[in-house]
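Have a look at the structure below, then the notes.
The values are calculated or read from the model by the stated rules, or taken from the named source; none is laboratory data. The structure presented is a predicted model; accordingly, all values stated were derived computationally and were not measured. Note that each Cβ is placed from the backbone with ideal geometry, even for glycine, and that neighbours are counted across all protein chains shown. Quick note on the areas: whole protein, heavy atoms, side chains included, nothing else; ligands and nucleic acids left out. Shrake-Rupley method; radii C 1.70, N 1.55, O 1.52, S 1.80 Å.
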Amino acid sequence: MQQVFTLQELWQALAALPAPLGLVPTMGYLHLGHLSLVQRARQECASVAVSIFVNPTQFGANEDLSKYPRNLQRDLQMLKETGAHLVWTPSPEELYPAGYQTWVTVEEISRPLEGAMRPGHFRGVATVVAKLFNATRPARAYFGQKDAQQVAVLRQMTRDLSYPTEIIICPTLREADGLAMSSRNVYLTPAQRAAAPVLYRALQAAALAHQNGERRAEALREQVRAALRAEPQVRLQYVSCADYDTLQELETVQGKALLSLAAYAGETRLIDNFVLGD
Ligand code: AMP
């Protein structure tokens, strides 16, 4: 496994790798969820490149950029063991040189949900992923369903900008108690960590109601709210039951829907989602 830093080094290394290339973009502090994307890429691609970059432009002014967890040596060891061929760890200056002023804005689909709570977030995500795609020209790129709106935004961007890259969505990996794996889980105190699986239980309760025939979106949202009310350590920020493709809120669930939520455990913001009617 080779590690490269600059664009020049990246291009040189890529030239020596057999096609097709699979790209797994990450912000590091890797866990089994990230590694499941690398494993899937290994199965489907001759070469696998992983980027590790804590992208400053997707963090809001009051968010956790400066304290985002990092452990590059451990990440490199995990990627080596999982069989990645190339790891790219660019510096912020490499991707955003002084005077940087070009942005990718995906409009409608970036607006609701996470986009409403985190203004500018998806502009940062779309811009950096466009730059990663331009730099690596992957045949396939792997993303987690955990970040459901991110996937929707990036699919839209890939179509709209005619990237020859296939977006592959991988299932959310969870801890044994249902908590979605996330680099940010490390922020949780033991009491918050014990309370956090309530997100999963809330989604499960609503999914069960859907399975039993409940089609009123508001009743499904209420199931989630009720489950979260029972856990004082966790404060719901929003719950959404939206059309899977447009992310517009639904009155009635017909076909595929995205049930998603964001909640705070102390200062730590957690998100999770289930796809209904899959
Ligand atoms: P991040 O480092 O948080 O930007 O995540 C990098 C990629 O890993 C994104 O495509 C995430 O959606 C994906 N990912 C994060 N957590 C999980 C998880 N628990 N299961 C599957 N994929 C995940």
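Here are some notes:
- The chain, Rg to Rh (Cα coordinates; Rh as Kirkwood inverse mean 1/r): 0.97
- Charge tally around Val48: other residues with Cβ under 15 Å, Lys/Arg +1 each, Asp/Glu -1 each, net +1.
- The residues of the chain have, on average, 47 Å² of accessible surface per residue, using a 1.4 Å probe with all protein chains present.
- Sum of side-chain charges, Glu108 neighbourhood, beta-carbon under 15 Å (Lys, Arg +1; Asp, Glu -1): -2
- Eligible aspartates and glutamates near Lys67 by straight Cα distance, threshold 15 Å, same-chain separation 8 or greater: Glu267
- Angle in degrees between helix 148-160 and the longest Cα principal axis of the chain, rounded to the nearest 10: 50 degrees
- Of interest is the spacing of the C-alpha centroids, which for segment 6-26 and segment 205-220 amounts to 45 Å.
- Angle in degrees between helix 121-136 and the longest Cα principal axis of the chain, rounded to the nearest 10: 30 degrees
- Amide H within-cut-off set for Asp272, under 5 Å, with H built and near neighbours excluded: Leu261
- Interchain or long-range residues, amide H under 5 Å from Cys45's placed H: none
- Spin-label model, Asp160 to Thr6: label points 7 Å out along the Cα-to-beta-carbon direction sit 3.4 nm apart.
- When the solvent-accessible area of the chain is split by element, carbon and sulfur atoms take up 49 percent of it, the probe being 1.4 Å.
- In the chain, the longest principal axis of the Cα atoms and the axis of helix 217-229 are about 90 degrees apart.
- Springs join every pair of Cα atoms under 10 Å in this Gaussian network model of the chain, and among Thr127, Thr89, Thr246 the largest mean-square fluctuation is at Thr246.
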